[in-house]
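The values are calculated or read from the model by the stated rules, or taken from the named source; none is laboratory data. Note that the coordinates shown come from a computational prediction; the quantities given were computed from them, not determined experimentally. Glycine gets a Cβ as well: all are built from the backbone with ideal geometry, and neighbour counts include every protein chain shown.
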Amino acid sequence: MASQWGLFLPPARPSLSELSVLEKILLGQKQKKPDLKVATLGSTPEYRDLCQTYQINYKCLDYNKDNFLTLRNYLLHKDKDDNLLLSDWREMNFEETFDVFMGDLATTVTLVKDHDIIYQNIKKHCNSKALFLLKVVLREDNDIRAHKEIFSKYRKELFYLNPFAAVWREVLLADYDFTEDTMYCPVSLKKLKESFEQSIITEYEFGEYKKRWDALGDFKMNIPLRQNFLGKLSKYFEIQDIASGNDWYKEHAPIIVSSIE
């Protein structure tokens with residue numbers, strides 16, 4: 001995914017309006033504390049550029065150095081190797097602490113069963129009054145929507161968008177494993193191919209998903225129930241705000257602003 005970052009579109013990566021929300025929060029925190037220290041969960045290039053634009057000290061917490069180096073190719077402002085803190089979020093075996101943690105779909109790409117330990121580790125490395133800014137995709141129920149319904153709505157209401165961007169969340173939920181609370185890209189690709197062969201989706205619609213699912217390969221993502229997700233997060237952090245950009249998907253992919261006491 002890192003090597004083909006340019007393929008992916010919001011909500012699968014940060015939008016300009018979401019970055020504007022984060023920009024305002026970061027500048028407010030920097031005004032209070034000029035030597036602000038930020039940790040990004042992963043090597044998201046948009047977050048790295050945002051920090052560099054305002055000369056904010058940051059570290060990318062990434063388990064794979066190649067991710068960090070590859071995503072550097074998408075930066076407007078090149079950073080340095082010492083901006084990487086090599087670490088698995090489930091372990092975080094380092095001493096450094098931070099004033100802000102930021103994650104774009106960080107919990108979406110990690111197993112739900114690991115969320116508790118990730119939250120514990122983040123809290124352990126928070127300075128006093130630290131913030132945790134997390135964009136996450138959520139669902140409201142366990143209803144299953146078929147490809148026919150999903151893409152019919154796309155063609156009627158969101159036809160001006162790329163189909164991957166427009167109904168990404170809905171396609172993930174179309175073949176979701178609600179027992180395991182996850183989806184599996186190869187399963188989704190297989191089902192999309194069947195829908196294409198049955199003329200339920202067009203060649204263009206199928207192709208826009210296929211090239212991205214091929215890039216992800218053997219990959220899982222989760223879209224938890226909103227009430228369950230917020231309940232678990234609240235055990236470790238105080239939720240201050242549920243913000244969003246002004247994108248069409250804002251209701252389903254909020255930016256959760258939380259803090260430690």
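Quick one: which of Phe164, Phe237 is within 30 Å of Asn127 (Cα to Cα), crowded, with 19+ Cβ neighbours inside 10 Å, in contact (Cβ under 8 Å) with a residue 60 or more places away in the chain and of a type in the set (Phe, Trp, Tyr)? Write out each step before concluding.
Numbers: Phe164 fails: within 30 Å of Asn127 (Cα to Cα).
Result: Phe237 is the single residue among Phe164, Phe237 that is within 30 Å of Asn127 (Cα to Cα), crowded, with 19+ Cβ neighbours inside 10 Å, in contact (Cβ under 8 Å) with a residue 60 or more places away in the chain and of a type in the set (Phe, Trp, Tyr).
For every residue, the table says whether it meets (1) at negative phi; (2) of a type outside the set (A, V, I, L, M, F, W, C); (3) surrounded by 20 or more Cβ atoms within 10 Å (Cβ to Cβ).
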| site | (1), (2), (3) |
| --- | --- |
| His77 | yes, yes, no |
| Asp82 | yes, yes, no |
| Asp88 | yes, yes, no |
| Met92 | no, no, no |
| Asp99 | yes, yes, yes |
| Asp116 | yes, yes, no |
| Ile122 | yes, no, yes |
| Asn127 | yes, yes, no |
Just one listed residue, out of Glu46, Glu95, is in a loop (DSSP other than H, G, I, E, B) and charged (D, E, K, R), and it is Glu95
Single residue of the range 46-74 satisfying the filter (under 18 Å from the mean Cα position of the chain (by Cα) and hydrophobic (A, V, I, L, M, F, W, C)) that is surrounded by the fewest Cβ atoms within 10 Å (Cβ to Cβ)
Leu71
Residue tally, condition buried (at least 17 other Cβ atoms within 10 Å of the Cβ) and of a type in the set (Phe, Trp, Tyr), over the range 167-183
2
Residue in the range 196-209 that is in contact (Cβ under 8 Å) with a residue 24 or more places away in the chain, surrounded by 19 or more Cβ atoms within 10 Å (Cβ to Cβ), of a type in the set (Ser, Thr, Tyr) and not assigned by TED's automatic domain parsing to the domain that holds Val21 present:
yes
Would you say Thr70 is of a type in the set (Val, Ile, Thr), at pLDDT 95 or above, over 21 Å from Leu22 (Cα atoms) and not in a loop (DSSP other than H, G, I, E, B)?
yes
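Taking the conditions exactly as written (farther than 21 Å from Ile239 by Cα and touching a Lys or Arg at 6+ places or on another chain (Cβ under 8 Å)), does Leu76 satisfy them or not? Let's see the steps before the verdict.
Values: farther than 21 Å from Ile239 by Cα: yes; touching a Lys or Arg at 6+ places or on another chain (Cβ under 8 Å): no.
Against the criterion (farther than 21 Å from Ile239 by Cα and touching a Lys or Arg at 6+ places or on another chain (Cβ under 8 Å)), Leu76 does not qualify.
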Assess whether Phe101 counts as being in a strand (DSSP E or B), in contact with a Ser or Thr (Cβ under 6 Å, 6 or more places away or on another chain) and in contact (Cβ under 8 Å) with a residue 60 or more places away in the chain.
no
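Given the criterion under 23 Å from Met102 (Cβ atoms), touching a helix residue (DSSP H, G or I) at 6+ places or on another chain (Cβ under 7 Å) and aromatic (Phe, Trp, Tyr), identify the matching residue among Phe164, Phe151, Phe132. Steps first, please.
Details: Phe164 fails: under 23 Å from Met102 (Cβ atoms); Phe151 fails: under 23 Å from Met102 (Cβ atoms).
After applying the criteria, what remains is Phe132.
If I filter the range 112-146 down to residues being in a loop (DSSP other than H, G, I, E, B) and in contact with a His (Cβ under 9 Å, 6 or more places away or on another chain), which single residue comes out as farthest from Leu27 (Cα to Cα)? Break it down stepwise before answering.
First pass over the range 112-146, keeping only residues in a loop (DSSP other than H, G, I, E, B): 125, 136-138, 140-146.
Applying the additional criterion that residues be in contact with a His (Cβ under 9 Å, 6 or more places away or on another chain) yields 137-138, 140.
Values: Val137: 25, Leu138: 27, Glu140: 32 Å.
Here the answer is Glu140.
Okay, residues lined up against (1) in contact with a strand residue (DSSP E or B) (Cβ under 6 Å, 6 or more places away or on another chain); (2) among the hydrophobic types (A, V, I, L, M, F, W, C); (3) at pLDDT 95 or above; (4) more than 22 Å from Gln240 (Cα to Cα):
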| site | (1), (2), (3), (4) |
| --- | --- |
| Arg13 | no, no, yes, yes |
| Lys30 | no, no, yes, no |
| Asp35 | no, no, yes, yes |
| Gly42 | yes, no, yes, yes |
